[in-house]
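Structure first, commentary second.
The values are calculated or read from the model by the stated rules, or taken from the named source; none is laboratory data. Because the structure is predicted, anything quoted here is derived from the model rather than measured. Neighbour counts run over all protein chains shown; Cβ positions are idealised from the backbone, glycine included. Please note that ligands, DNA and RNA were not included when accessible areas were found on the heavy atoms of the full protein model with its side chains. Shrake-Rupley method; radii C 1.70, N 1.55, O 1.52, S 1.80 Å.
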Amino acid sequence: MNLDLKKRIDNIVSTYEKIVKGVDEKAHENTDRAYGGIVRSEKGKLQEYITEEIIKTAWESLGGDINRLNIDSKKHQIRIKQEYVNNLDDPEVRDYINSNIEEYIYELSVDKQVYVDYE
């Protein structure tokens, strides 16, 4: 393992240890939010950080150009398929959905999405 790769992995581990040690104290001190909510929030941020760092580290260790990667958490809108609506048996339901078709959107969201050569 080269020195730079070891340094990056050590940095991920160090960040993990620092956040895990501090989350309990932070959660106990906060009076505005529930303990579990704070722990969950901090765990989520930590998971996203670790995920992104491991992806970048792996990509670079394979010789990939980091500028080719795009990592984000944006939502993707998925519209209802017209074919599905057309096949509904109940004409009243079908007409209602057709007249409100713009409201039938599912927002797909994942923690981290990774794109290569994506603008």
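For GLU60, GLU102, write out the residues from largest to smallest accessible area, computed with a 1.4 angstrom probe and no ligands counted.
Details: GLU60 70, GLU102 125 Å².
So, going from the largest accessible area down, we get GLU102, GLU60.
Give the accessible surface of the chain per residue, rounded to a whole number of Å², with probe radius 1.4 Å and ligands, DNA and RNA excluded. Working shown, then result.
Details: 9260 Å² over 119 residues.
Averaged over the residues of the chain, the accessible area is 78 Å².
Among all lysine pairs in the stretch 1-46 that are eight or more places apart or on different chains, how many have alpha carbons less than 17 angstrom apart?
Numbers: LYS7/LYS18; LYS18/LYS26; LYS18/LYS43; LYS18/LYS45; LYS21/LYS43; LYS21/LYS45; LYS26/LYS43; LYS26/LYS45.
Lysine pairs meeting the criterion: 8.
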**Message:** Spelling out what I want: for every residue of the stretch 49-59, take phi, set θ = phi - 60°, compute 6.51 cos²θ - 1.76 cosθ + 1.60 (Karplus), and round to whole Hz; glycine and proline get x.
**Reply:** 4, 4, 4, 5, 5, 5, 4, 4, 5, 5, 4
**Message:** Starting from 0.36 nm per residue, how many nanometres of slack lie between TYR84 and ILE19 once their C-alpha separation is accounted for?
**Reply:** 18.7 nm
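Using a 1.4 angstrom probe on heavy atoms only, work out the carbon and sulfur share of the accessible area of the chain in %.
Values: 4710 of 9260 Å².
Accessible surface attributable to carbon and sulfur in the chain totals 51 percent.
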**Request:** Could you run the Karplus curve 6.51 cos²θ - 1.76 cosθ + 1.60 with θ = phi - 60° over the stretch 77-84 and give me ³J(HN,Hα) per residue in whole Hz, x for Gly and Pro?
**Result:** 8, 10, 8, 5, 6, 4, 4, 5
**Request:** Would you compute, for the Cα atoms of the stretch 1-41, the largest minus smallest coordinate along each principal axis and list the three values in descending order, in whole Å?
**Result:** 45, 14, 10
**Asked** Counting pairs of Cα atoms in the stretch 28-107, how many percent are more than 17 Å apart?
**Response** 70 percent
**Asked** Using the beta-carbon distance between TYR49 and GLN77 and R0 = 30 Å, what value does 1/(1 + (r/R0)^6) give for FRET efficiency, to the nearest 0.05?
**Response** 0.65
**Request:** Note the full-extension length gain between GLU29 and GLU60 as 0.36 nm times their separation in residues minus their Cα-Cα distance, in nm to one decimal.
**Result:** 7.2 nm
**Request:** Would you give the gap between the C-alpha center of the stretch 1-65 and the C-alpha center of the stretch 87-119, rounded to a whole Å?
**Result:** 33 Å
